[in-house]
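**Q** There's a structure below that I have some questions on.
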Amino acid sequence: MEAASVTGGGRTVLVRSPLTRLPDRALRWTLTVLAALILALIVYFFVRLVGQAKPALSHQGVLGFAFEDSWNPSAGRFGALPLVVGTLITSFLALVIGVPVAVAAAIYTTELCPRRLRTPLTVLVELLAAVPSVVYGLWGIFFLAPKLRGAEQWLADRLSFVPFVGGGLVTIPNCFITGLVLAIMILPIVSAISREVMSTVPSDHREAALGLGATRWEMIRIAVLPYCRSGIVGGAMLGLGRAIGETIAVTILIGDSPKMVEHLFGQSYSLAAVIANEFGEATGIHRSALFAAGLLLFVLTLLVNGLARWFVVRAARIDAPPRPEDHARSGPAVLAADTIAGA
Amino acid sequence: MSGPVGSASPSELLSRFSISPSRRRRDRLARGTIGAGTVLALIPLVLIVYYLLEKGLGAWSTDFFTTDPTGSTFFKSSSIGGIKSAVLGTIEMVALASAIAVPIGIGVALWLVEYGRDSAFAKTVRFFVDVLTGVPSILFGLFIYIVLVIGTHSSYAGYKGSIALSLLMLPVVIRSAEVILLLVPGGLRESALALGAPRWKMIARVVLPTALPGMVTGVLLAVARAAGETAPLLFTAASTHGTSFNLGGFMNSLPVQIYNDVTSPTAAVVNRAWGAALTLVTLILALNVIARLIARRSRLT
Amino acid sequence: MSSQPRSQVTDINPDSPPPAQSAHEASPADSDPARAAQGARGASLAGPARIVPGRAQAAPAGLPAKQGLGVTLEQLRAFYGETEQLRGIDLQFAANRVTAIIGPSGCGKSTMIRCINRMHEEIPGAHAEGRVLLDDTDVYDPAVDVVAVRRAIGMVFQKPNPFPTMSIFENVAAGLRLTSRRGVDLRAKVEQALRSAGLWDEVADRLSEPGVGLSGGQQQRLCIARSLAVDPEVILMDEPCSALDPIATLRIEELIEELKRRVTIVIVTHNMQQAARVADRTAFMLAGELIEVGDTQEIFTKPRDPRTEEYVTGKFG
């Protein structure tokens, strides 16, 4: 293909036909198109979704849709507020229960546990992510809910003076159980991110604290946790995003109450659940309203996830200035977070 | 013990170097709480596994795996059938989804690492991949419904479910492939280029083979995730009872089968759901284990 | 840095017999013993008696001498983004000679040789200006394909990096396969390249073993064989021995002696003794500029520029 002649000058050796540049060009072009495809896909998705949601939104107005407090397909009035409230309450419940446990597990595996237990423990927590959503729903409704019903009722009775929490009758699909199961579902992702962030704390920080005579807990409190604040918050928000978008487990466990959730141990509804339940048989404006609910869900998760990533990136940059070897490590961190929990 | 300079007694010295009881208490308390939290994190797994095994194993039998669900919800358990079509359907749809998502995903990752790098366009692409990662799974189903069901005035089909699943897999494949490709040492690329290799050969003959085990791991994890998803399939592939090898028609799948069975009043059907759940979890766990084993063989991780 | 190296005047004729032993002078780099007889130069910087260490690697199979091509740099400037790293270098590398580039860290030695085979532009944001002539053709000429440039101008890097997924045979053949030479007898070419690199005897019976299983010195010779397999005109070496032990370094320096009969060699080194041992001509760089170039003996014994003198006498570095 090119000259083998060697006695000539430079030119004989260096000329190459333009045809051989073709594969390079073709590859680059193909790959660039694929990359652009991703952008096009999401934009197209958004556009079509808005298109399908338009009828319902124009029927009630965007604000009317978002803030009306009853989801009433038979009457043709679609208020998303109970859905949003149900979604948010269960998700925040998941955060309140799940984040402390996840962070505790992360602290334990990074700082306190014996070396040889580290990998097994990590793997065990990550295994929670391998359980599919529908199995969580199944397990929740047939195992957890009945088992906890007694305790929930006891709580509701004891705390009957507390609005929202107490005083009602515990139903089997209910808001609390949903939040609890969601908490279990977000454990892997919050724990994974917290663990990654904690392990990037340079050991000099730890050694400085210990050298001052700090106890183990004090060392964690002084040297490790402040360093990881942004990262942990980011991880928590990713967990929140996951909880908000979770469909099947929530559908099974939350019930289908079209009204605003009245108490913690009663039924509720969520944006994802309403779509899963009603889409199959919906027509006309009802269907359009479901698309609108989907749009609302999309925007909500976009916001939360965007905020979450901002925190995680900020953590990587500010709290721990990047070293070259960290670039390859933070990659796996975010990768682990996404892959195992599919957030 | 010989005394140091000064006149402090040994016990006074010791007390200077010891920790106050309240600090020690707080340390113990904190450690105890953290330990308790960790145990709390492990309990659900134990409970789930135990209950899955208890209820699910009972449902397993040869018939269970070799007969299709009959859709019958009447009382006799012998007439409800097994989960054959569900297992096959999952395998078929996930296979097609992988065939779509893997080449595209690796291609995008290659572009990001070899060509886009830190350009503004690349940053935008990465941002959109992030967005894709956070989309709730049911919305993928809705999207495909809009485009392929409404848009084409046709009905549900297995391949439509596959496409929805591939959208779900795409960001996972892209992310994991990008991380692995970044781990390929720059010196290898340089050596290949310095030998006079065109860029595409450097990628195909040097970079990809080195990155292969890591990428396989990422793909398997994406497959495991896709296998467990229900929501994207509800309004795309829907479900059916019979075994089908026609991806152009309705197709059953394990997650949807379980979902449909959960709400059944018949105990036998619920039992079948547990058996199916155990099957699904076993499948996913197996994929995870294989993925981890392959990761160990990678020179990069 | 240590004592001022002293070298003998010798002629560069490859066929002249090795000269008489030189008086020694201790030098840390050579404090470990023995140097084999240098085929041609016999220049020694101090060094005690010449004993061939270990199993003598016979002079690499007498492959015929080949008229190589020279390289000329004209006003070469190199940039990283906006920062100018090389300022207008004019330099000639004579065909079939070894030229060493010396200078303190950061002076631009590596950048310069990377501009010769156009690897510099692989770094995002980096570019070069000026001309680099291979014989009479500018490698930066738009009509010239960069891939062809790299086939003609090979490179050996500081850290040996055989391809990890390939065996020894495949590594050497990689250059040929990657540049898709058709109708080439791979086995013959691989053997020839391995012989030229002085590695054949050590690996002939295990060609299918992984390339990364060799020792550091062997890996580097493998990389040299890999570069040789594509028949380049010029070989650029960027501190090829800095990651190797003294015995391995010795082997490679012997190799360079032999290789220059067929290719032109440019070697970047931070080890002045090495430059004095292997190079016919030496160029001294400082802060992106070429300060002085000349016959190696002159550079080390009678440098013209005071900065050169300070560097070679170890006042800084």
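**Q** May I ask you to list the residues in segment A:282-291 that are within 11 Å of chain B (Cβ to nearest Cβ) and assigned to a helix (DSSP H, G or I)? Show your work before the answer.
**A** Filtering segment A:282-291 down to residues within 11 Å of chain B (Cβ to nearest Cβ) leaves A:282, A:287, A:290-291.
If the condition is that a residue be within 11 Å of chain B (Cβ to nearest Cβ) and assigned to a helix (DSSP H, G or I), then A:Arg287, A:Leu290, A:Phe291 are the ones that fit.
**Q** Are any residues in segment C:132-166 in contact with an Asp or Glu (Cβ under 6 Å, 6 or more places away or on another chain) and over 17 Å from C:Glu233 (Cβ atoms), and if so, which ones?
**A** Scanning segment C:132-166 gives C:Phe157, C:Gln158.
This table checks each residue for (1) in contact with a Phe, Trp or Tyr (Cβ under 6 Å, 6 or more places away or on another chain); (2) away from chain B (no Cβ under 11 Å); (3) farther than 17 Å from A:Leu253 by Cα.
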{"site": "A:Glu126", "(1), (2), (3)": "no, no, yes"}
{"site": "A:Val165", "(1), (2), (3)": "no, yes, yes"}
{"site": "A:Pro173", "(1), (2), (3)": "no, no, no"}
{"site": "A:Gly179", "(1), (2), (3)": "no, yes, no"}
{"site": "A:Ala183", "(1), (2), (3)": "no, no, no"}
{"site": "A:Ser203", "(1), (2), (3)": "no, yes, yes"}
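**Q** Can C:Ala283 be described as under 26 Å from C:Arg118 (Cβ atoms), of a type outside the set (D, E, K, R) and not in a strand (DSSP E or B)?
**A** no
**Q** Filter segment C:173-196 down to residues that are among the small types (Gly, Ala, Ser) and crowded, with 18+ Cβ neighbours inside 10 Å and give me whichever is farthest from the other protein chains (Cβ to nearest Cβ). Steps first, answer last, please.
**A** We begin by selecting, within segment C:173-196, every residue among the small types (Gly, Ala, Ser); these are C:173-175, C:180, C:183, C:188, C:193, C:196.
From what is left, the residues that are crowded, with 18+ Cβ neighbours inside 10 Å are C:173-175, C:193, C:196.
Working: C:Ala173: 11, C:Ala174: 7, C:Gly175: 4, C:Ala193: 12, C:Ser196: 15 Å.
Ranking the candidates gives C:Ser196 first.
**Q** Moving to a separate point now. For segment C:292-309, indicate whether the set of residues that are closer than 30 Å to C:Ala188 by Cα and assigned to a strand (DSSP E or B) is non-empty. Please lay out each step first, then the result.
**A** Looking only at segment C:292-309, we keep the residues that are closer than 30 Å to C:Ala188 by Cα, and these are none.
For segment C:292-309, residues closer than 30 Å to C:Ala188 by Cα and assigned to a strand (DSSP E or B): absent.
**Q** Filter segment C:176-234 down to residues that are in a helix (DSSP H, G or I), over 26 Å from C:Asp245 (Cα atoms) and basic (Lys, Arg), then give me how many there are.
**A** 3
**Q** Still on this structure: Would you mention how many residues in segment C:77-101 are more than 10 Å from C:Leu290 (Cα to Cα) and in a strand (DSSP E or B)? Let's see the steps before the verdict.
**A** Taking segment C:77-101 and keeping what is more than 10 Å from C:Leu290 (Cα to Cα), we get C:77-85, C:92-100.
With in a strand (DSSP E or B) added as a condition, the list becomes C:77-80, C:83-85, C:92-93, C:98-100.
Of the residues in that region, 12 qualify.
**Q** Among A:Ala243, A:Ala208, which is the only one that is under 26 Å from B:Tyr50 (Cα atoms) and not hydroxyl-bearing (Ser, Thr, Tyr)?
**A** Numbers: A:Ala208 fails: under 26 Å from B:Tyr50 (Cα atoms).
It is A:Ala243.
**Q** May I pose another question? Quick one: is B:Ile43 of a type in the set (A, V, I, L, M, F, W, C), surrounded by fewer than 16 Cβ atoms within 10 Å (Cβ to Cβ) and within 11 Å of chain A (Cβ to nearest Cβ)? Walk me through how you get there before you give the answer.
**A** Values: of a type in the set (A, V, I, L, M, F, W, C): yes; surrounded by fewer than 16 Cβ atoms within 10 Å (Cβ to Cβ): yes; within 11 Å of chain A (Cβ to nearest Cβ): yes.
Yes: the conditions hold for B:Ile43.
**Q** For segment A:84-189, please list each of the helices (runs of 4 or more DSSP H) lying entirely inside it that holds at least 1 residues being surrounded by fewer than 21 Cβ atoms within 10 Å (Cβ to Cβ) and at pLDDT below 90.
**A** On the way: elements: A:115-127, A:133-139, A:145-158.
Once the helices (runs of 4 or more DSSP H) in segment A:84-189 are filtered for at least 1 residues that are surrounded by fewer than 21 Cβ atoms within 10 Å (Cβ to Cβ) and at pLDDT below 90, what remains is A:115-127, A:145-158.
**Q** Sticking with this one: Which of the residues that make up segment A:140-157 are in contact with a helix residue (DSSP H, G or I) (Cβ under 8 Å, 6 or more places away or on another chain) and without any contact (Cβ under 8 Å) to a residue 40 or more places away in the chain?
**A** Step one: list which residues in segment A:140-157 are in contact with a helix residue (DSSP H, G or I) (Cβ under 8 Å, 6 or more places away or on another chain), which gives A:140-145, A:148, A:152.
Residues satisfying the conditions are A:Phe142, A:Phe143, A:Leu144, A:Leu148.
**Q** Counting just the residues of segment B:238-262 that are in contact (Cβ under 8 Å) with a residue 60 or more places away in the chain and of a type in the set (Phe, Trp, Tyr), which one comes out nearest to B:Thr66 (Cα to Cα)?
**A** Only one residue fits best here, namely B:Phe245.
Here's the yes/no breakdown for (1) in contact with a helix residue (DSSP H, G or I) (Cβ under 6 Å, 6 or more places away or on another chain); (2) at pLDDT below 90; (3) within 12 Å of chain B (Cβ to nearest Cβ):
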{"site": "C:Ala148", "(1), (2), (3)": "yes, yes, yes"}
{"site": "C:Gly154", "(1), (2), (3)": "yes, no, yes"}
{"site": "C:Phe163", "(1), (2), (3)": "yes, no, yes"}
{"site": "C:Asn171", "(1), (2), (3)": "yes, no, yes"}
{"site": "C:Gly198", "(1), (2), (3)": "yes, yes, no"}
{"site": "C:Gly213", "(1), (2), (3)": "no, yes, no"}
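**Q** On the basis of being of a type outside the set (Ser, Thr, Tyr) and under 23 Å from B:Ser61 (Cα atoms), does B:Leu233 make the cut? Show your work before the answer.
**A** On the way: of a type outside the set (Ser, Thr, Tyr): yes; under 23 Å from B:Ser61 (Cα atoms): no.
So B:Leu233 fails the test.
**Q** Does A:Val43 meet the test of being within 12 Å of chain B (Cβ to nearest Cβ), hydrophobic (A, V, I, L, M, F, W, C), part of a helix (DSSP H, G or I) and without any contact (Cβ under 8 Å) to a residue 24 or more places away in the chain?
**A** Values: within 12 Å of chain B (Cβ to nearest Cβ): yes; hydrophobic (A, V, I, L, M, F, W, C): yes; part of a helix (DSSP H, G or I): yes; without any contact (Cβ under 8 Å) to a residue 24 or more places away in the chain: yes.
So A:Val43 passes the test.
**Q** For segment B:122-157, how many residues are in a helix (DSSP H, G or I), closer than 21 Å to A:Asn305 by Cα and among the hydrophobic types (A, V, I, L, M, F, W, C)?
**A** Of segment B:122-157, the ones in a helix (DSSP H, G or I) are B:122-134, B:137-150.
Applying the additional criterion that residues be closer than 21 Å to A:Asn305 by Cα yields B:122-134, B:137-143.
Still in the running and among the hydrophobic types (A, V, I, L, M, F, W, C): B:122, B:125, B:127-129, B:131-132, B:138-140, B:142-143.
The qualifying residues number 12.
For every residue, the table says whether it meets (1) outside any helix (DSSP H, G or I); (2) touching a residue at least 60 places away in the same chain (Cβ under 8 Å); (3) at positive phi; (4) away from chain B (no Cβ under 14 Å).
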| site | (1), (2), (3), (4) |
| --- | --- |
| A:Ser230 | no, yes, no, yes |
| A:Gly239 | no, yes, no, no |
| A:Ala243 | no, yes, no, no |
| A:Leu253 | no, yes, no, no |
| A:Gln267 | yes, yes, no, yes |
| A:Ala276 | no, no, no, no |
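**Q** Kindly provide the set of residues from segment B:278-301 that are under 16 Å from the mean Cα position of the chain (by Cα), within 10 Å of another protein chain (Cβ to nearest Cβ) and buried (at least 16 other Cβ atoms within 10 Å of the Cβ), ordered by number.
**A** B:Leu280, B:Val281, B:Leu283, B:Ile284, B:Leu287, B:Asn288, B:Ala291
The values are calculated or read from the model by the stated rules, or taken from the named source; none is laboratory data. Predicted, not measured: the structure shown is a model, and the values here were computed from it. As a convention, Cβ positions derive from the backbone with ideal geometry for all residues, glycine included, and neighbour counts pool all protein chains shown.
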